[in-house]
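Here is the structure we will look at, set down as C-alpha cells.
The values are calculated or read from the model by the stated rules, or taken from the named source; none is laboratory data. Keep in mind the model is a prediction, meaning the values are calculated, not measured. Positions of Cβ are generated from backbone atoms using ideal geometry, with glycine treated the same way; all protein chains shown enter the neighbour counts. The area values use the complete protein model at the heavy-atom level, side chains included, leaving out ligands, DNA and RNA. Shrake-Rupley method; radii C 1.70, N 1.55, O 1.52, S 1.80 Å.
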Amino acid sequence: MPNSSNATTVQEHLRDLHTLVEDSLKQWNLSTNTAAATALVGQVHPSRLSHELHPLGPVQVGMLQRDFKEKIAAIRAICLSFAQGPLHQSISVGDASSTSAFKKYSTLLKEETQLEEALSSVKASMTQCQNTLRAASQDGSIKKDHLLGSIKEMATGLGLECYLDTGSRSYSALPVSILTIGGIVIVVDIEVESTGAILRVKVSFFPEIHQDERVDRLLASNLRCKCGKLLQTEDKSATANLLHLPDCSRDFDAFSKNLKALAILDNFQKKYPVDFFHNMRAMDLDLKELFRREMLLTNNDIERVFKHGHGLPMTHAVLPGPSVAYWAPKSDLLDVSWSALAMAIEQGANEKVKIPFHRISITMEESTASASGYLPADRAGFLLSEEETQTLSGLSYGSIMNDQGSVGASTILQQPLRWVVPTSDSTIEATYVAVLHPPVVVSEDLAKQLAALSNQAGFNTTMGLNRDQGYLSLQELLVNRAIEQTQWEIVLDQEPNAVRQLFSFDRTKCEARLLHRIPFTHISQVYMCTKLLRQQMVFNALFQSCFKETSSPEEIKKRLAAAHTGNGEDNDDSNNTVDTTPEVAITIQTPQPPSVILASFTNPFTETSMRIEIVIDPVTASPTVRLDTGMGHTSPMVGFHTGGGEFQYMQQQQQDQYMQHNQHQRQQDVFVVDSVKLTHVLLLCDSIPILVRWILKRSFVWMKERHQLMGRRDSVQSGRRPSSHTEDGGILKRPRV
C-alpha cells in the first residue's frame, strides 16, 4: 500500500497520475517509454491487455479507477479554485492600472512551473541513470549503496520508516551497515557488509507469537546474489573489497512483493481496529488442521491429499503468510519421495521442498467494497475443532456455517466442515486475496466463477467486456507460440515403428483470461479455488501435450523438401530415400473448456475415423476417456420359432450357436478398447500423443491378428496353405496415409 500523497498543486497531482500509469504498465509487463505507449494507444485490439486487464489480473483495476478519479477530482478542484480566485478575477475584470502587473505575475508563475517540470524530469532521468550505473558496477561498496538505496525507496513508498546505522561489529572485520525498516508491528533489520554482501535479515514482530525464521530466510534469499560468483581479496582488513561479477543480480521484485505483503498488514493494523496478523495466522492454522485430518483419513496418503484434498500447507513459502500447493506437472512428481515430503511439511522445512508446485499464497489488499469478516483476538481459528463441531451452536461476533461444498462422493472428508463466519464490517476497506504462483490461463467461464467468490456486486460482469477479434483465444494462449503455425509434428518412436502425429486445433475463439490473483471473503473458499484450478490445469496440460514438437522446424522443412524432391520424375533412388513413415493428422477441439477435449483422426491401420473424448471431472480433476472407433454397428437379432418337442429344442440350439458365432464375428470385425483401460493409460502418461500412439499400436496388432485369422479362414475354405502376413502384402507394408 503506497504512502498517501501530499500533493497540493496540479503539477504534483499530474506526477502522481504518471506514477500510477507507469506502475500499472510495469505490472502488465508493458513498456513505459513514450514511443511504446503511443503505439499501444494506436492499437485497435491490444491482445495482451485483453487477457490481463480484468479484476483478477496483476493490477487492482478497481483501486486504479478510484485513484484516477480522486486525482482528477483534485486537479479540477484546484483549477476551479484558481478560476474563482482573486488573481484570475483581477486579470479578467480588474482596473487597467493593476491588470498589467497581475498578468506579469501570472506569466512568471507559468514560467516557474515549466522550469520546475523540466528540472523534475532531468532529476528523474539522472536518478535513473545513477541507479543503472550502480546496478552494473562490480565494486562492492557501490553495490552496497545501490542495495540500501533501493530498499529504502521501496520501504518509504510502502509507508514504513527507515533508519541507517554504519559501524564496526564484533562478528565482521569489515564495516557493517544496518538498515532498520519499522512499522507498528514489524521491524526488519538488514545487515550489509561494506563489500555489498548480505550478512543477515531479521524480521521481528510484536507480539512475538508471529515470529518465524522462515520469513527471515525468504527475504534474505531475495537480496543475496543469485550468481554465487564472488571474488574477494585475501586481505580481510577494513579496506578489503568484494568484486561482483557483471551477471550478479538480486531479486528486488520478489523482495518488494514480500515486503509489501508485510507492510499492507502493518498499515491496516494502524488504520483499523483489527489484528490482521492474527487473522492470517488463524488461516494458516486452519490449513494445517485440514491437512492433519485428511492425512488421518487417508492413512497418511499424502499424494491423495495433494491431488484430491485441500492441498499441502506451506507457511512463508513464496510470500509471507499461509500458502497451499494444489497442483504440479506429472513429470515433476515421478521421483518424489512422498514420505520425505510429508516429513518436510510437518517440520515446516520449505527449503527441502524442491518440487515446482503451483501454489496459492494468501495475503491481503485494499478493496473498495469488502465483505470480509475478521476474528477477535481470543478466537484461534475459523475452522471449528472436532469437539466444537458437536457442541458450539452460536457466536456473538458472527455465525457458524455448514460447508456442504467440502464433502461429496469423491472427497476425502465425508462430514461437512463447520466454519466461523465473522460479521463483516463495510468500513474496513480490506479483503483477502489468493495470489497464484505462477499465473494460470483459464477459460472465461471459470474466471467468472472465481471472480464471484468476492461477492462484490457486478464484480464478475466485467470479465466479459473485451470481446473483439484481436485477442488470443484460450488455445492460442496455451500454445504460446507463433499462432500462424498450422501443424505441430510429434514422433514418439524410432523407425520402423514410428508414426508421425500432426496436430492442429480448432480455431474457434474461446475466451480466456490470465489470472494472477483471486479476491475472496472467507478461508473456506480457498478449497473451491483449488478444485477449479486443478480442473483447468489438467485441461491445460493435456492440451499443451499435443503441441510440444519433437522435431525442429529446420528438420521438418528438410523432410518436406526431400519428400517433394522424391516425388519428381527424374529423382535418383540412390540419393533420395522416400519417407514411408505413416502420418496421422489429429484435430484437437475444445467445445467445453476446461471440461471436454476431443481428438479426431483417421487411423491409418483400420482406415476408419476415430475420436477420443476426454472429460475432466470438476471435483476430482481426473480425466475419463472414451474412444469412438467409427466402426460400431447394431448386432442382428434372431427371432425364436414356437413349436413343440425335439424340433423346437434343436432349433433353439442352432439359434444359440448362430448368435454366439455372430457375436464372436462382430468382436473380430470391430476394434474396441475399454474406457477404463484408456483412462488408466492417460492417467499414467498425462499426454494425448502417447495415448494416440497406444491406440494406434493396439489397432495395428488387432489388424494383424484379424488379417491372419482371415487368411486361415480362407485357406481352410480353399484347401491351400495359410499365407504369411508379408506374402499377402499385409499391414507392415501399408504405404503412408
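One table, with the values for the structure above:
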item: Hey, residue 415 open to solvent by 10 Å² or more (accessible area, probe 1.4 Å), within 22 Å of residue 285 (Cβ to Cβ) and modelled with pLDDT under 90 or not; result: no
item: Which numbered condition residue 367 fails, given (1) of a type in the set (S, T, N, Q); (2) within 24 Å of residue 320 (Cα to Cα); (3) touching a Gly at 6+ places or on another chain (Cβ under 6 Å); result: (3)
item: Among the candidates 553, 591, residue that is open to solvent by 70 Å² or more (accessible area, probe 1.4 Å), more than 20 Å from residue 697 (Cβ to Cβ) and either modelled with pLDDT under 95 or touching a strand residue (DSSP E or B) at 6+ places or on another chain (Cβ under 9 Å) (or both); result: 591
item: Near pairs, Cβ below 8 angstrom, 6+ apart or cross-chain, from the stretch 202-230 (under 21 Å from residue 180 (Cβ atoms) and among the hydroxyl-bearing types (Ser, Thr, Tyr)) to any residue that is open to solvent by 30 Å² or more (accessible area, probe 1.4 Å) and modelled with pLDDT of 90 or more; result: 204/187; 204/189; 204/211
item: Qualifying helices (runs of 4 or more DSSP H) (wholly inside the stretch 2-65; at least 2 residues being at pLDDT 70 or above, touching a strand residue (DSSP E or B) at 6+ places or on another chain (Cβ under 8 Å) and crowded, with 16+ Cβ neighbours inside 10 Å); result: 47-52
item: Those residues of the stretch 263-279 which are open to solvent by 10 Å² or more (accessible area, probe 1.4 Å) and among the hydrophobic types (A, V, I, L, M, F, W, C), in sequence order; result: 264, 265, 274, 277
item: First in the stretch 404-418 and more than 13 Å from residue 309 (Cα to Cα), second anywhere and assigned to a helix (DSSP H, G or I) and open to solvent by 50 Å² or more (accessible area, probe 1.4 Å), Cβ under 6 Å, 6 or more apart; result: 416/404
item: Among residues of the stretch 72-95, those that are assigned to a helix (DSSP H, G or I) and either modelled with pLDDT of 70 or more or open to solvent by 90 Å² or more (accessible area, probe 1.4 Å) (or both), counted; result: 15
item: Qualifying residue in the stretch 105-114 (condition: of a type in the set (Gly, Ala, Ser) and at pLDDT below 80); result: yes
item: Members of the stretch 290-328 that are within 25 Å of residue 256 (Cβ to Cβ) and β-branched (Val, Ile, Thr); result: 315, 318, 324
item: Filter result for the condition that a residue is in a helix (DSSP H, G or I), surrounded by fewer than 12 Cβ atoms within 10 Å (Cβ to Cβ) and touching a residue at least 40 places away in the same chain (Cβ under 8 Å), over 331, 339; result: 331
item: Some residue of the stretch 693-706 being in contact with a Leu (Cβ under 8 Å, 6 or more places away or on another chain), assigned to a helix (DSSP H, G or I) and at pLDDT below 70; result: no
